[in-house]
2 protein chains.
Amino acid sequence: MKLLEDRIRKDGIVREGGVLKVDSFLNHQMDIALFREMGREFARLYAGCGVNKILTIEASGIGIACIAAEEFGCPVVFAKKNKTKNIAGDVWTSKVESFTHGRVYDIIVSKDFLTEKDRVLIIDDFLAMGSALQGLIKLVRDSGAELVGAGIAVEKAFQPGGELIRGMGVRVESLARVASMDPETGVRFVGE
Amino acid sequence: MKLLEDRIRKDGIVREGGVLKVDSFLNHQMDIALFREMGREFARLYAGCGVNKILTIEASGIGIACIAAEEFGCPVVFAKKNKTKNIAGDVWTSKVESFTHGRVYDIIVSKDFLTEKDRVLIIDDFLAMGSALQGLIKLVRDSGAELVGAGIAVEKAFQPGGELIRGMGVRVESLARVASMDPETGVRFVGE
């Protein structure tokens, strides 16, 4: 998606160690007009797939998921990283490794909100190692829901997550696929 | 806001210990069509106030904030509860006590995204003890931004947060104000 690629080129900051900072528009401050265009693109890509639920994970996937959900006319469910007192009853659960935070955590979704009646599109802001996405896919499969695919804002295509997930037979659509990046020369996208 | 009150009456579940579960439509599964109407109401209430930034806190405020932001035509910034590697540089910080989770945590916002040029509306899903809202207000005031007010989905008006914050001279608009609630008789709203 050219709009997102252009924005990453303009406002993204590449740091040493494979860090791409997009926190001025994507995952700390959020440009909702951009999210609307991204939501429309996800709706175009997954048109006719019968998506009736969007699943994401807290926190930075939620904004993109909510705007996209309006395009699909469906609700959003977000997986929680910590079990709170207010989620009683049965939950679907899996484990996610965060390479940014250097730890493994449990994610949960109430069984009330992910069932075999659902046709689920997973939405998240980043795909790199694929751990969060694998965790979300496990929740969907455990629930008996149909997994339609995944919609990702930024895929670090030089990391293994995308190929790993596609190798599992899951459709993955990423709006911007970073082929390589460098603090001096910036970002190069797949196909450039 | 009658639409939200009616929805709480229909789908909210009151548990012992002052717990109001609204996770089927507000803070785990999210009804985006409802959020759109809530966003319109916030825009009506704060029309002409020059809001140019919405501030919320992860995770469950983000969805409401993003939909509302589209009504104001402004970006959202969400305060983060854990410092991640990817936020470098200076941050505004304050402390929030979570009564649900039984702990105190730091919240942060990058100084890049909250400045004296901003006219800020804080949006969150719940107001009870007021700790999260106080923490967000401190971030705004420390930054030199103008605090326009707060827009809350559900205020537990029988808890002290609302009066505390209004007593600080901050405008607080809550779309549903719960006067009392009981597992047997359900929810009663202020004014009923």
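Quick one: order A:VAL120, B:VAL91 by neighbouring beta-carbon count within 10 Å, fewest to most. Could you put the intermediate results ahead of the total?
Details: A:VAL120 25, B:VAL91 19.
Final ranking by Cβ density, sparse to dense: B:VAL91, A:VAL120.
The residues packed around A:PRO183, meaning those with a beta-carbon under 10 Å from its beta-carbon, carry a net charge of -2 if Lys and Arg are +1 and Asp and Glu are -1.
Can you tell me the alpha carbon radius of gyration of region B:123-192 divided by the globular rule-of-thumb value 2.2 N^0.38 Å?
On the way: Rg = 13.0 Å, N = 70, 2.2 N^0.38 = 11.1 Å.
Ratio of Rg to 2.2 N^0.38 Å for region B:123-192: 1.18.
Between A:VAL19, A:VAL140, A:VAL76, the GNM of chain A built on Cα springs shorter than 10 angstrom shows A:VAL19 fluctuating the most. Is region B:1-89 best put as rounded, prolate or oblate by its Cα gyration tensor, with a ≥ b ≥ c the root eigenvalues, rounded for a/c under 1.5, and otherwise prolate when a/b is larger than b/c, oblate when not? Oblate, because a/c is 1.5 or more while a/b does not exceed b/c.
Here A:PRO183 yields copy-to-copy label distances, from shortest upward, of 5.7 nm, the label point defined as 7 Å from Cα along Cα to C-beta.
What does the charge count near A:VAL140 come to, summing +1 for each Lys or Arg and -1 for each Asp or Glu among other residues with Cβ under 12 Å from its Cβ? Mind dumping the intermediate values first?
Details: positive: A:LYS53, A:ARG119, A:LYS138, A:ARG141; negative: A:GLU116, A:ASP118, A:ASP142, A:GLU146.
Within the 12 Å Cβ shell, the charges total 0.
When shorter helices are ignored and each DSSP H run of at least 4 residues is given -39500 (n - 2.57), the per-residue value for chain B at 222 nm works out to -8500 deg cm²/dmol. Among the residues of B:68-75, the average count of other protein chain beta-carbon atoms within 10 Å of the residue beta-carbon is 4. Residue order for B:LEU121, A:LEU45, A:LEU147, A:LEU55, fewest other beta carbons within 10 angstrom first, comes to A:LEU45, A:LEU147, A:LEU55, B:LEU121.
I need the Debye-formula profile for region B:2-189: one equal scatterer per C-alpha, no solvent, reported as log10 I(q)/I(0) at q = 0.13, 0.16, 0.18 1/Å, two decimals. For region B:2-189, the Cα-only Debye profile gives -0.64, -0.99, -1.25. Per residue of A:7-20, other chain Cβ atoms within 10 Å of the residue Cβ number 1 on average. Within the shell of other residues whose beta carbon sits under 9 angstrom from the beta carbon of A:ILE57, the net charge comes to 0, with Lys and Arg scored +1 and Asp and Glu -1.
Projecting 7 Å from Cα along the Cα-to-Cβ direction, the label point of A:LYS95 sits 3.3 nm from its equivalents in the other copies, listed shortest first. Take B:GLY169, move 7 Å from Cα toward the beta carbon, and the resulting point lies 6.5 nm from the same point in each other copy, nearest first. Under 10 Å, Cα contacts only: if you run a Gaussian network model on chain A, which one of A:GLY167, A:GLY39, A:GLY135 comes out with the highest mean-square fluctuation? Result for chain A, Cα springs under 10 Å: A:GLY167 fluctuates most.
Compute the angle between helix B:2-11 and the longest alpha-carbon principal axis of chain B, please, reported from 0 to 90 degrees and rounded to the nearest 10. Long axis of B:2-11 versus the principal axis of chain B: about 60 degrees. Of the trypsin sites (Lys or Arg not before Pro) found in region A:38-132, those in coil by DSSP whose Cβ has at most 11 other Cβ atoms within 10 Å are A:LYS117. Annotation for B:ARG141 and B:GLU192: the two label points, set 7 Å from Cα along the Cα-Cβ direction, are 3.4 nm apart. Proximity of backbone amide H atoms, modeled 1.01 Å from N, is registered between A:PHE126 and A:ALA153, A:VAL154 at under 5 Å, excluding neighbours fewer than 5 places apart on the same chain.
For the protein assembly as shown, the fraction of C-alpha pairs more than 40 angstrom apart is 11%.
Note on A:ARG9 and A:SER180: their simple-model spin labels are 1.7 nm apart, each label 7 Å out from Cα toward Cβ.
I need the shape label for region B:24-76. Rule: rounded when a/c is under 1.5, else prolate if a/b > b/c, else oblate, with a, b, c from the alpha carbon gyration tensor. Oblate shape, in that a/c is at least 1.5 and b/c is the bigger or equal ratio.
Every number in this text was worked out from the coordinates using simple rules, so none of it is lab data. Keep in mind it's a predicted model, so treat the numbers as computed, not measured. Note that we place each Cβ from the backbone using ideal geometry, even for glycine, and neighbour counts take in every protein chain shown.
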